[in-house]
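As structure tokens, the structure follows; a few thoughts come after it.
Each reported figure results from applying straightforward, stated rules to the coordinates on display, with no laboratory input. Everything numeric here is computed off the predicted structure, so don't read it as measured data. Heads up, the Cβs are rebuilt from the backbone with ideal geometry, glycines too, and the neighbour counts pull from every protein chain shown.
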Amino acid sequence: MDFALSPNAADHLGRLQAFMDEQIYPAEPTYHEQRLEAAERGSGLHAEHAFPPVMEELKVEARKRGLWNLFLPDADDPAHGLKVHEYAPMAELTGWSPHLAPQAINCSAPDTGNMEVLHLFGSQQQKERWLQPLLDGEIRSAFAMTEPDVASSDAANISISIVRDGDHYVINGKKWWISGAADPRCAFFILMGKTDPSASAYRQQSMIIVPTDTPGVDIVRALPVYGFQHQEGHCEISFTDVRVPVSNLVGEEGGGFMIAQARLGPGRIHHCMRAIGSAERALKLMCERATSRIAFGRTLAEQGTVQDDIARSRMEIDQARLYVMQTAWKIDTYGVKAARTDIAGIKVVVPNMALAVIDRAVQVHGGAGVTDVTPLAEMWAGTRTLRIADGPDAVHVRSVARAELAPYLPKK
Ligand SMILES: Cc1cc2nc3c(=O)[nH]c(=O)nc-3n(C[C@H](O)[C@H](O)[C@H](O)COP(=O)(O)OP(=O)(O)OC[C@H]3O[C@@H](n4cnc5c(N)ncnc54)[C@H](O)[C@@H]3O)c2cc1C
């Protein structure tokens, strides 16, 4: 197993580090100020989710520096030529500033997953109309699968209705937790719904492109995450007699489940590496606080329990990173299918590890840790959702257990 970076990847990583230091971190206060100003000035959904202008400046700068769409596998984008295990450390770096950096380099979810879907399954027309502007960072998108009324961790339950009517499909039902839908630049959703309730369990659903401004699409509200409203918004949406042309179907009717599976894979490497980046930032903050705060005559760093927290955090981060890098290497070497169980495993291990590290950093900060004077409180809330979003822990644990037990069970 070899995680060494090629000279090309090492060069990209160095340039990304410089971009983080020179552009991203200095822009963080501006980003938050611009969001606050927009929320105070305006009203309604788009006020809290208005687009901070500083982001557009960062995108221009990133593109100028050749730091754009780095997530695309090298086979799809020879422009940068990065393998999955080579992009992984870059995703980690962007996780140090998760609200700014991934979007600045056009590598943020859910756009990345949607770009993968359109790249793999989109028609020529869909690629021109929707994929190209996403690749150019001109629009944003959302992925609409989860529904309030069914246990959506089991994709077979997804039941919003998609009924063919002549040259159109008509969509009726509800979705929620649709990330990105409140962003004023969100131009379309890739929606998963049921086209054939009588088909076998995994052939009932299809994926279809729904432009955000189609009549009948109603963004009911953006759901707060532990009280935080993210810029892109996680939305509850109702669809009432929403008509879209049949040419908006992605792939074939009944292919939704298969596309949902294909959409994951490298995306989980990116999520996990970003979470590792957040954990690293939390550990840095923990060390800085511990060495500068004095309690009972000594710095916190001189207290054994704090040392224990710091040491454990370092050891757990490094273990988790190796697990993710091994998974990325497997994807590069044997393909996504061969790495399926590892992909499930990292999706459990990394968010739990990152949460533990961030929680320790919160504790070392005392009261300061649970409010907005450090990024820790929001970081904890965001990381907590990773144990649920993209499939809850239990579902991935089940996959790992099944793979481990398979050789011991009678062949079917
Ligand atoms: C911040 C955030 C962003 C999100 N973004 C998106 C998005 O952009 N698009 C989208 O479509 N969805 C999104 N989601 C939704 C997310 O993917 C779902 O919440 C997730 O798949 C779980 O579905 P559910 O909420 O219906 O939980 P349920 O399916 O009802 O599951 C609830 C709980 O049941 C337990 N459980 C489930 N299955 C098993 C099992 N086999 N064994 C044991 N226990 C089990 C688990 O503890 C699980 O947490 C987002 C969620 C969050 C919190």
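Longest segment of the chain with no chymotrypsin sites (Phe, Trp or Tyr not before Pro) in a DSSP loop having at most 13 other Cβ atoms within 10 Å? Here the longest segment lacking exposed loop sites spans 1-225. In whole percents, the pair-distance distribution calculated for the chain from its alpha-carbon pairs, binned every 20 Å from zero, is 25, 58, 16, 1.
Given +1 on the Cβ of Lys and Arg, -1 on the Cβ of Asp and Glu, and no further charges, what dipole in debye does the range 288-396 carry about its Cα centre, rounded to the nearest 20?
So the dipole magnitude of the range 288-396 works out to roughly 180 debye.
Throw me the Rg/Rh for the range 280-412, computed over C-alpha atoms with Kirkwood Rh, two decimals. Ratio value, two decimals: 1.11.
Comparing GLU232, GLU56, GLU86 in a Gaussian network model of the chain (Cα springs below 10 Å), the most mobile by mean-square fluctuation is GLU56. If the segment from ARG41 to VAL370 were pulled out straight at 0.36 nm per residue, it would be longer than the present Cα-Cα gap by 115.7 nm. Summing +1 for each Lys or Arg and -1 for each Asp or Glu among the other residues whose beta-carbon sits under 10 angstrom from that of PHE51 gives 0.
Taking other C-beta atoms within 10 Å as the exposure proxy, VAL117, VAL220, VAL400 rank VAL220, VAL400, VAL117 from fewest upward. Cross-link list LYS83/LYS347; LYS337/LYS412; LYS59/LYS127; LYS337/LYS411; LYS174/LYS337; LYS83/LYS337: which exceed 24 angstrom alpha carbon to alpha carbon? Table pairs above 24 Å Cα-Cα are LYS174/LYS337. Across the chain, C-alpha contacts under 8 Å between residues 6 or more apart give a mean separation that, scaled by the residue count, equals a relative contact order of 14 percent. For the range 140-250, just list the percent of Cα-Cα distances falling in each 10 Å bin from zero outward, please. With 10 Å bins starting at 0, P(r) equals 16, 48, 30, 6, 0.
Taking Cα centre as origin and charging only the Cβ of basic (Lys, Arg, +1) and acidic (Asp, Glu, -1) residues, the dipole magnitude of the range 26-133 rounds to 240 debye. In percent, rounded to a whole number, the relative contact order of the range 140-250 is 32, using alpha-carbon pairs under 8 Å and six or more apart. Straightening the chain between HIS168 and GLU22 buys 47.6 nm, computed as 0.36 nm per residue apart minus the Cα-Cα spacing. Applying the Karplus relation 6.51 cos²θ - 1.76 cosθ + 1.60 with θ = phi - 60° to the range 390-402 yields 3J(HN,Hα) values of 6, x, x, 2, 4, 5, 6, 4, 4, 5, 5, 4, 4 Hz, where x marks Gly and Pro.
Placing +1 on the Cβ of every Lys and Arg and -1 on the Cβ of every Asp and Glu, with no other charges, gives the range 140-250 a dipole of roughly 140 debye about its Cα centre. Couplings for the range 246-257, taken from phi via the Karplus curve 6.51 cos²θ - 1.76 cosθ + 1.60 with θ = phi - 60°, read 4, 5, 7, 5, 9, x, 10, 4, x, x, x, 5 Hz in order; Gly and Pro are left as x.
Per DSSP helix of 4 or more residues, -39500 (n - 2.57); summed, then divided by the residues of the chain. What does that give at 222 nm, rounded to the nearest 500? Show your work: numbers first, answer last.
Values: 14 runs with 191 residues, N = 412.
Dividing the helical sum by the residues of the chain leaves -15000 deg cm²/dmol.
Put simply, the amide H of ARG164, placed in the peptide plane, has neighbours under 5 Å in VAL170, leaving out anything fewer than 5 places away on its chain. The distance linking the range 316-351 with the range 161-192 is 32 Å (Cα centroid to Cα centroid, whole angstrom).
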